[in-house]
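Novice: Handing you a structure now.
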Amino acid sequence: MAARFEGKVALVTGAGSGIGLATAKRLASEGARLALVGLDAGHLAAARDQVMQAGAPEALDVVCDVSQEAKVMACVDQVMQRFGRLDVVVNNAGLMSFKPLEQFTGEDWLRILGVDLLGAFYFTKQAFLRMRGGGAIVNVASVHAVRTTPQVAPYAAAKAALLSLTRSAALEGRGRGIRSNAVLPGAVETKMLRDNPEVKAGVEHIEPKELLQPADIAATIAWLASDDASHVQGVSLVVDGGRLNEL
């Protein structure tokens, strides 16, 4: 595989499992040095081993609560101290909770928005401050941003807002050479999908042809982050196997 990220440093949040881990491994296989960000030190350590096996010249794992701006700043400080540069940021960390709308509390909303929206903002802000000579930001949103299901109101709202943040960052980053784009995954084989009560109960049926693997999303993220997509700016790219066309 071509080393599209040779000499570059990529930071991936939510890197301990699922789409984040698959993305880190894909970028590693193409020559990137990786900063793996997440909450679980054990998962991150295991992810670091997998990323190195996938071909990363170097990898750093950082435990960080992305909903806390001071911790995000400290995280990026560590990355800059280790690697001296930052070229790609993948905002993948996500939190989803399942309740009827009337049972959600303000605290629930703030917790989910803190991870799914503000976390992406904090890392985007740091990218604007730290990237030299341009770079790429890829936000992992969801088809829930445009068409959703019951019992996930804060998550769907956060992902919709993330698309707006992506567009704003694209507009303001263009003059700095920073590209910002979003991926909207459909049904992906992850713990988040299997925890969905609608899926568990069979209310939300997923055809085998519509069920994607984390590596499928990782491939799209890698393309958007690479120079192959150098003229792609501010897009919201649906990657769902055609699922939205049938809903």
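Novice: Going by what's in this entry, would residue 20 be described as within 28 Å of residue 211 (Cβ to Cβ), touching a Leu at 6+ places or on another chain (Cβ under 6 Å) and not aliphatic (A, V, I, L, M)? Step through it out loud before you land on a result.
Specialist: Working: within 28 Å of residue 211 (Cβ to Cβ): yes; touching a Leu at 6+ places or on another chain (Cβ under 6 Å): no; not aliphatic (A, V, I, L, M): yes.
So residue 20 does not fit the description; no.
Novice: While we're looking at this one, here's another question. Across region 58-70, what is the total count of residues that are part of a helix (DSSP H, G or I) and in contact with a helix residue (DSSP H, G or I) (Cβ under 9 Å, 6 or more places away or on another chain)?
Specialist: Applying the first criterion (part of a helix (DSSP H, G or I)) to region 58-70 yields 69-70.
Filter once more, keeping what is in contact with a helix residue (DSSP H, G or I) (Cβ under 9 Å, 6 or more places away or on another chain): 69.
Looking only at that region, the number is 1.
Novice: Could you tell me whether residue 11 is surrounded by fewer than 22 Cβ atoms within 10 Å (Cβ to Cβ), within 20 Å of residue 82 (Cα to Cα) and not hydroxyl-bearing (Ser, Thr, Tyr)?
Specialist: On the way: surrounded by fewer than 22 Cβ atoms within 10 Å (Cβ to Cβ): no; within 20 Å of residue 82 (Cα to Cα): yes; not hydroxyl-bearing (Ser, Thr, Tyr): yes.
For residue 11, the condition - surrounded by fewer than 22 Cβ atoms within 10 Å (Cβ to Cβ), within 20 Å of residue 82 (Cα to Cα) and not hydroxyl-bearing (Ser, Thr, Tyr) - is not met.
Novice: State the number of residues belonging to region 44-59 that are touching a residue at least 24 places away in the same chain (Cβ under 8 Å), within 11 Å of residue 15 (Cβ to Cβ) and surrounded by 19 or more Cβ atoms within 10 Å (Cβ to Cβ).
Specialist: Start the filter on region 44-59 by keeping residues that are touching a residue at least 24 places away in the same chain (Cβ under 8 Å), which leaves 44, 46-47, 50-52, 54-59.
Filter once more, keeping what is within 11 Å of residue 15 (Cβ to Cβ): 44, 46-47, 50-51, 59.
With surrounded by 19 or more Cβ atoms within 10 Å (Cβ to Cβ) added as a condition, the list becomes 44, 47, 51, 59.
Residues in region 44-59 being touching a residue at least 24 places away in the same chain (Cβ under 8 Å), within 11 Å of residue 15 (Cβ to Cβ) and surrounded by 19 or more Cβ atoms within 10 Å (Cβ to Cβ): 4 in total.
Novice: Turning to a different aspect of this structure: When you look at residue 95, is it part of a loop (DSSP other than H, G, I, E, B), of a type in the set (A, V, I, L, M, F, W, C) and buried (at least 16 other Cβ atoms within 10 Å of the Cβ), yes or no?
Specialist: Values: part of a loop (DSSP other than H, G, I, E, B): yes; of a type in the set (A, V, I, L, M, F, W, C): yes; buried (at least 16 other Cβ atoms within 10 Å of the Cβ): yes.
It is true that residue 95 is part of a loop (DSSP other than H, G, I, E, B), of a type in the set (A, V, I, L, M, F, W, C) and buried (at least 16 other Cβ atoms within 10 Å of the Cβ).
Novice: Which residues, counting only those in region 38-57, are of a type in the set (Asp, Glu) and either at pLDDT below 95 or not in a helix (DSSP H, G or I) (or both)? Let's see the steps before the verdict.
Specialist: Of all residues in region 38-57, those of a type in the set (Asp, Glu) come to 40, 49.
Within region 38-57, 40 is the sole residue that qualifies.
Novice: Under the condition of being among the small types (Gly, Ala, Ser) and part of a loop (DSSP other than H, G, I, E, B), which residue from region 18-37 is farthest from the chain's Cα centre (by Cα)?
Specialist: Filtering first and then ranking leaves 31.
Novice: Is one or more of the residues making up region 108-127 at pLDDT 95 or above, acidic (Asp, Glu), more than 19 Å from residue 18 (Cα to Cα) and out of contact with any Pro (no Cβ under 9 Å at 6 or more places or on another chain)?
Specialist: First, pick out the residues of region 108-127 that are at pLDDT 95 or above: 108-127.
Within this subset, residues satisfying the condition of being acidic (Asp, Glu) are 108, 116.
Narrowing the set further to residues that are more than 19 Å from residue 18 (Cα to Cα) leaves 108.
Checking which are out of contact with any Pro (no Cβ under 9 Å at 6 or more places or on another chain) leaves us with none.
Scanning region 108-127, I find no residue that is at pLDDT 95 or above, acidic (Asp, Glu), more than 19 Å from residue 18 (Cα to Cα) and out of contact with any Pro (no Cβ under 9 Å at 6 or more places or on another chain), so the answer is no.
Novice: Name the residue, out of 148, 166, that is within 22 Å of residue 110 (Cα to Cα), of a type outside the set (A, V, I, L, M, F, W, C) and surrounded by fewer than 19 Cβ atoms within 10 Å (Cβ to Cβ).
Specialist: Among 148, 166, only 148 is within 22 Å of residue 110 (Cα to Cα), of a type outside the set (A, V, I, L, M, F, W, C) and surrounded by fewer than 19 Cβ atoms within 10 Å (Cβ to Cβ).
Novice: Show me the helices (runs of 4 or more DSSP H) found entirely inside region 145-247 where at least 3 residues are at pLDDT 95 or above.
Specialist: Working: elements: 153-173, 191-195, 197-200, 214-225, 243-246.
In region 145-247, 153-173, 214-225 are the helices (runs of 4 or more DSSP H) which contain 3 or more residues that are at pLDDT 95 or above.
The values are calculated or read from the model by the stated rules, or taken from the named source; none is laboratory data. Quick caveat: nothing in here was measured; it's all calculated off a predicted structure. Counting neighbours? That spans all protein chains shown, and the Cβs are built from the backbone with ideal geometry, glycine included.
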